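What follows is a short report on a single structure.
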Amino acid sequence: MDTTFYAHPSAVIDEGCVIGMGSKIWHFSHIMPNCVIGENCNLGQNVVVSPDVRLGNNVKVQNNVSIYTGVICEDDVFLGPSMVFTNVINPRSAVNRKSEYKKTYVRKGVSIGANATIICGIEIGAFAFIAAGAVVTKDVPPYALVIGNPARQKGWMSEYGQKLKFDASGFAVCSESNERYQLNEGVVSKVSHG
């Protein structure tokens, strides 16, 4: 077994997994076949990673999260305690729909709060912020803040997780990093310095 990552003795890691250097897998977690987990990830207690899931570098998965086949998380994603992914739109116990798994893309820097539910087949844009308990049923734009059931956009967030307040000319400054953002025709982008 590769020793460039840490796995608690109670964790189960199936054949064919690739786990990056510096990653940690904690108590009672199960990493199923053919998963790719990037470097410096932290998977909390009682996490299940289903076959063929892809996690980027520095992904933080809190306790009691199941990441089902079809989910792809890019770098620096935060998955809050007990949040839920789905991978079939219309599950039935008596109907096998394994061939109908839908892809869910969680882009770089996304944070998903505790007990949120992400319905499959959508894309959550880079640095979006999903509030605790939200039920996300459609695509989320980059930097968007969404809350509620069903989730609705209630603002914009910086890459540091601070709410952005845009002025009349469409510019905002992150209160933590002092980085500037622009809102143009419903799309937020970070303004480069220089």
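The values are calculated or read from the model by the stated rules, or taken from the named source; none is laboratory data. Treat the numbers as computed from the prediction; the structure is a model and nothing was measured. Cβ: placed from backbone, ideal geometry, glycine included. Neighbour counts: every protein chain shown.
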Open item on the list: Would you confirm, using the coordinates I've provided, whether residue 102 is touching an Asp or Glu at 6+ places or on another chain (Cβ under 8 Å), modelled with pLDDT of 95 or more and charged (D, E, K, R)?
Closed with: no
TODO: Look through segment 82-109, keep the residues that are among the hydrophobic types (A, V, I, L, M, F, W, C) and farther than 18 Å from residue 136 by Cβ, and return whichever of them is surrounded by the most Cβ atoms within 10 Å (Cβ to Cβ).
DONE: 95
Open item on the list: I'm checking my understanding of the structure. Among residues of segment 20-58 that are surrounded by 17 or more Cβ atoms within 10 Å (Cβ to Cβ), aliphatic (A, V, I, L, M) and in contact with an Asp or Glu (Cβ under 7 Å, 6 or more places away or on another chain), which one is nearest to residue 98 (Cα to Cα)?
Closed with: 32
Open item on the list: Being part of a loop (DSSP other than H, G, I, E, B) and either surrounded by fewer than 18 Cβ atoms within 10 Å (Cβ to Cβ) or in contact (Cβ under 8 Å) with a residue 60 or more places away in the chain (or both) is the filter here; which residues of segment 1-16 pass it?
Closed with: 1, 2, 3, 4, 8, 9, 10, 14, 15, 16
Open item on the list: Whether any residue in segment 94-107 is closer than 24 Å to residue 156 by Cβ and not hydroxyl-bearing (Ser, Thr, Tyr) is what I want to check.
Closed with: yes
Open item on the list: Against the conditions (1) touching a His at 6+ places or on another chain (Cβ under 8 Å); (2) of a type outside the set (Phe, Trp, Tyr); (3) under 24 Å from residue 125 (Cα atoms), where does residue 71 fall short? Just the number, please.
Closed with: (1)
Open item on the list: If I go through segment 130-148 residue by residue, how many of them are surrounded by 16 or more Cβ atoms within 10 Å (Cβ to Cβ) and in contact with a Pro (Cβ under 9 Å, 6 or more places away or on another chain)?
Closed with: 3
